[in-house]
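Q: Got a structure for you, questions after.
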Amino acid sequence: MIRSNDLMASFLSNPRLAPGHVLVIPRRHFEPPQALNDAELIAIYQEITRLSTHLLTIFKGVDIWQKTRPQVAENTIKRHHLHFHVIPSNPGDSVYERALEWDPDHFLVLSAGERNQMLKLLK
């Protein structure tokens, strides 16, 4: 355990993707991120920021991941509990290098139809 209070906890991930890989979770048990209340959101983001600040003193990069896949079955890695990954890395590390893989062919032009559809959904 790194830190813990009534709203959140942070701890080293085991298994981990990289040295210093940390998980930050709400104390309340749920999966979708939209279930976070304001106090939990603030506490979790403050902890992610604090951890990132410390990690960036010895690492060149920090990735923050949160993936929502409720249809994926729970297993030894996937848990039905909201969690944020704070993953430090340095140039040459696979996590660092994969995060820089910006293949221009993966980026598509935003069409007017898609833009309008997404704006209608998201506003």
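Q: Please verify whether Glu47 is surrounded by 17 or more Cβ atoms within 10 Å (Cβ to Cβ), within 14 Å of the chain's Cα centre (by Cα) and assigned to a helix (DSSP H, G or I), treating the condition exactly as stated.
A: It is true that Glu47 is surrounded by 17 or more Cβ atoms within 10 Å (Cβ to Cβ), within 14 Å of the chain's Cα centre (by Cα) and assigned to a helix (DSSP H, G or I).
Q: Mind checking which residues of the stretch 12-31 are modelled with pLDDT of 95 or more, open to solvent by 60 Å² or more (accessible area, probe 1.4 Å) and in contact with a Ser or Thr (Cβ under 9 Å, 6 or more places away or on another chain)?
A: Arg27 - this is the single residue of the stretch 12-31 that is modelled with pLDDT of 95 or more, open to solvent by 60 Å² or more (accessible area, probe 1.4 Å) and in contact with a Ser or Thr (Cβ under 9 Å, 6 or more places away or on another chain).
Q: Collect the residues in the stretch 34-71 that are touching a residue at least 24 places away in the same chain (Cβ under 8 Å) and more than 30 Å from Pro91 (Cβ to Cβ), keeping them in residue-number order.
A: Residues satisfying the conditions are Ala35, Leu36, Ala39, Glu40, Ala43, Pro70.
Q: A further question on this structure: Of the residues that sit in the stretch 61-119 and are in a loop (DSSP other than H, G, I, E, B), open to solvent by 90 Å² or more (accessible area, probe 1.4 Å) and at pLDDT 85 or above, which one is farthest from Ala35 (Cα to Cα)?
A: Ranking the candidates gives Val109 first.
Q: Hey, another quick one. Considering only residues that are open to solvent by less than 50 Å² (accessible area, probe 1.4 Å) and under 20 Å from Asp63 (Cα atoms), look in the stretch 33-44 and name the one that is modelled with the lowest pLDDT.
A: Across the stretch 33-44, the extreme among qualifying residues is Pro33.
The values are calculated or read from the model by the stated rules, or taken from the named source; none is laboratory data. These numbers come from a predicted model, not from an experiment. Methodologically, a virtual Cβ is constructed for each residue, glycine included, from the backbone with ideal geometry; neighbour enumeration extends over all protein chains shown. Only protein heavy atoms, including side chains, enter the accessible area calculation; ligands, DNA and RNA are left aside. Shrake-Rupley method; radii C 1.70, N 1.55, O 1.52, S 1.80 Å.
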